[in-house]
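To keep things clear, I will list the structure first and then write my remarks on it.
The values are calculated or read from the model by the stated rules, or taken from the named source; none is laboratory data. Please read all numbers here as calculations on a predicted model, not as lab measurements. Don't worry about glycine lacking a Cβ; one is built from the backbone with ideal geometry, like all the others, and counts go over all protein chains shown.
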Amino acid sequence: TRPILEVKDLQTYFFTRTGTVKAVDGVSFQLFPGETLGVVGESGSGKSMTALSIMGLVPKPAGRTVGGEILYNGEDLLQKSEAEMRQMRGSEICMILQDPMTSLNPVYTVGNQVIETLRQNTGDGRSLGLRARAIELLEKVKIPSSDIRFSNYPHQMSGGMRQRVVGAIAVAGSPKVLIADEATTSLDATIQYQYLALLKELQQETGMAIIFITHDFGIVAKMCDRVAVMYAGRVAEIAGVRELFNNPQHPYTEALMRSVPNVDEDPTTQNGDSIIELENVRKYFPITKGILLRRSIGQVQAVDGVSFKIKEGETYSLVGESGCGKTTTARMVLQVETPTAGTIRFHGKDTNQFSGSDRKEYRASVQAVFQDPWSSLNPRMRVGSIIMEPLLTNQPMGKHEAQEQLETLLRDVGLRQAQGDYYPHEFSGGQRQRIAIARALSLRPKLIVLDEPVSALDVSIRAQIMNLLRDLQNQYGVSYLLIAHNLATVRYMSHQVGVMYLGRMVEEAPVRELFTNPSHPYTKALIAASLPSHRTLNVKRSSYLEKFHRR
């Protein structure tokens, strides 16, 4: 079969004052009709820049495609004018980005945005016919009550719904090639599963080819026919999915495979005393109306009667979809939010009865590490000052003692002593997360709340941070409250798991028991939605997900 897209020796460089950056340096591959090609590799390997080069959207003036060919049905896209490329985008080749809010206009309804795309691709100015076609497209991507949702603005929809709208816009022009750049990274497990199934269904209906850029091997195992591994702007290896997973040829591919944690290894069971206990905790947020004289017209039950306890040296994970109350529960543990009802006990003492000194001690004993280290680090402070700020604020000490503490913390999280003088922008994402962990450890806390600590990181960096967290737990005896939607992360890190749904704790069990013998229908649906790793390509999918969402 003749390839629909062929990339030959593609070279895209960025010319800066400090030198030339070879973002894409000789990439070659073929894409066939109806095929899904996965593209994997770490950040900076050139995955997204290859996609932007194909679309003719390389950032200018710094970026420029300086060599190679991009043949679409035999025609070189690099020889086409901007006007010609504008005609091709959407109708022949389209692209879905990671964050749907960067693709959707917040001041237009989703229906009008679909209509605008249809009008550009068809040249049809009849609004009535286009409206019917737009509603049909929204139905096609499984948006319920599409005729009503047509009038919604993007902010009125969930993340999964917004990504479906982007999918409707992408297929509006019946493209032959779809490029999905980390299109499901921000989605929960069940929403991700549904979205991937939707893309497969659309592919079967239309016969379009898909390039799926991702750092998640589970997506590659589920979605792709072949996979290209990129490293330093080049394709290190390209092969069929099963062939590459079972017999990788390139050392970098082997290293990437090894970096995926073995979820069959359980953390050591902990038998210590509980350090924190939540009993029937509730958090309701009022729904208000009015501008000057605001009044309450109802309430949102964000957390509705949650109970669990965390032992010393234990990792307790909360899982569930967005909006189920995980983060609100964590914020109450951190005392950022005050419970509407219920009790939180720390070492047996009710936090509602805390004195001022008790509260200060509690806040030193309970620290947090967030999803995006860049937003949690002060860009104007040196790393050493960032790490030591909590310690010096709570425990005044001499300069020599503070320097010793800093060196110990840097060493424990795998950073060099000299890096204490650097600024956050001089580090990679994984290194910045190490800095955030060092800062959290500076006060020797009893509990650290980990809110999606690795979801923004590449697969190899993710594994390094998870291993670091486990090592530090053994070294310091610290407990973790892990908030995550990636079940592989939960499986690897946890001792106990609590499953939340609509603000309630629907199931709680030791990690192995929960994953091998779940009892609640929602837990079964959640586990059924989790993607296989490259080690379990033959896993049969459960029908629980479909049963659950039909309710």
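The table that follows gives values for the structure above.
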read-out	value
Residue tally, condition among the polar types (S, T, N, Q) and within 15 Å of Tyr422 (Cα to Cα), over region 371-389	2
Counted residues, region 385-405 - those being within 29 Å of Arg331 (Cβ to Cβ) and buried (at least 16 other Cβ atoms within 10 Å of the Cβ)	6
Qualifying residue in region 124-132 (condition: free of Cβ contacts under 8 Å to residues at least 24 places away in the same chain, buried (at least 16 other Cβ atoms within 10 Å of the Cβ), touching a helix residue (DSSP H, G or I) at 6+ places or on another chain (Cβ under 7 Å) and basic (Lys, Arg))	yes
Residues located in region 14-34, provided they are surrounded by fewer than 20 Cβ atoms within 10 Å (Cβ to Cβ) and in contact (Cβ under 8 Å) with a residue 12 or more places away in the chain	Phe14, Phe15, Thr16, Lys22, Asp25, Gly26, Ser28, Phe29, Gln30, Phe32, Pro33, Gly34
Selection status of Ile297, surrounded by 22 or more Cβ atoms within 10 Å (Cβ to Cβ), in a strand (DSSP E or B) and touching a strand residue (DSSP E or B) at 6+ places or on another chain (Cβ under 7 Å)	no
Ser48 at negative phi and out of contact with any Pro (no Cβ under 9 Å at 6 or more places or on another chain)	yes
Meets criteria (of a type in the set (Gly, Ala, Ser), at pLDDT below 90, buried (at least 17 other Cβ atoms within 10 Å of the Cβ) and touching a helix residue (DSSP H, G or I) at 6+ places or on another chain (Cβ under 9 Å)) for Ser376	yes
Qualifying residue in region 246-259 (condition: of a type in the set (Lys, Arg) and part of a strand (DSSP E or B))	no
Long-range neighbours under 7 Å by Cβ, at least six apart or interchain, first residue among the small types (Gly, Ala, Ser) within region 365-385, second assigned to a loop (DSSP other than H, G, I, E, B)	Ser365/Pro445; Ser365/Lys446; Ala368/Leu334; Ser376/Phe370
Residue list for region 92-108, filter: surrounded by fewer than 17 Cβ atoms within 10 Å (Cβ to Cβ) and either farther than 19 Å from Thr50 by Cα or without any contact (Cβ under 8 Å) to a residue 40 or more places away in the chain (or both)	Met101, Thr102, Asn105, Pro106, Val107, Tyr108
